[in-house]
Amino acid sequence: MDKYRSIDAWKRAHATAVRVIRYVDEPRHPRSRSVFEQLKRAAVSVEANIVEGYALSTPAQFKRHLRIALGSTAEAECLVRLSQEVGYLTDSDAQELEGMLGLTMRSIVGLLRRPLAFRGPG
């Protein structure tokens, strides 16, 4: 079942989620908590939706979950920018996360454009 680990979009989403969790769990501005919790949920949702769609074993379900993952990626990107603008994240931390999210987004879009590439967990 863990063949999803070979999907580039999942690899990027997982690396991004790990990085986000490490950033938001560090001591930060006390008012950043709610924004960071939402950022963490969005980042984890990206990789979770890729895996869930893959596990459902149909191209249609995989594509549906990739769209959800794409939306969560955009949400995380928005929250990173917001966190940077209000001073919760440094410019360099935000740039790193935005770069990772951008790569993840491009990978997901690539999968959405190649629906025949789906092989499922089979």
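Listed values, structure above:
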| quantity | calculated |
| --- | --- |
| Number of positions in segment 36-70 that are part of a helix (DSSP H, G or I), closer than 19 Å to Arg114 by Cα and open to solvent by 40 Å² or more (accessible area, probe 1.4 Å) | 10 |
| Contacts under 6 angstrom Cβ, first residue in segment 1-28 being modelled with pLDDT of 90 or more, partner among the aromatic types (Phe, Trp, Tyr) and open to solvent by less than 90 Å² (accessible area, probe 1.4 Å), 6 or more apart | Trp10/Tyr4 |
| Selection within segment 1-35 - over 14 Å from the mean Cα position of the chain (by Cα), in a helix (DSSP H, G or I), of a type outside the set (Phe, Trp, Tyr) and surrounded by 15 or more Cβ atoms within 10 Å (Cβ to Cβ) | Val24, Ser32, Val35 |
| Any hit, segment 95-105, residues being at pLDDT below 95 and open to solvent by less than 70 Å² (accessible area, probe 1.4 Å) | no |
| Some residue of segment 111-120 being closer than 14 Å to Thr16 by Cβ, assigned to a helix (DSSP H, G or I) and under 15 Å from the mean Cα position of the chain (by Cα) | no |
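The values are calculated or read from the model by the stated rules, or taken from the named source; none is laboratory data. Values in this document were obtained by computation on a predicted structure and should not be read as measured data. Don't worry about glycine lacking a Cβ; one is built from the backbone with ideal geometry, like all the others, and counts go over all protein chains shown. The area values use the complete protein model at the heavy-atom level, side chains included, leaving out ligands, DNA and RNA. Shrake-Rupley method; radii C 1.70, N 1.55, O 1.52, S 1.80 Å.
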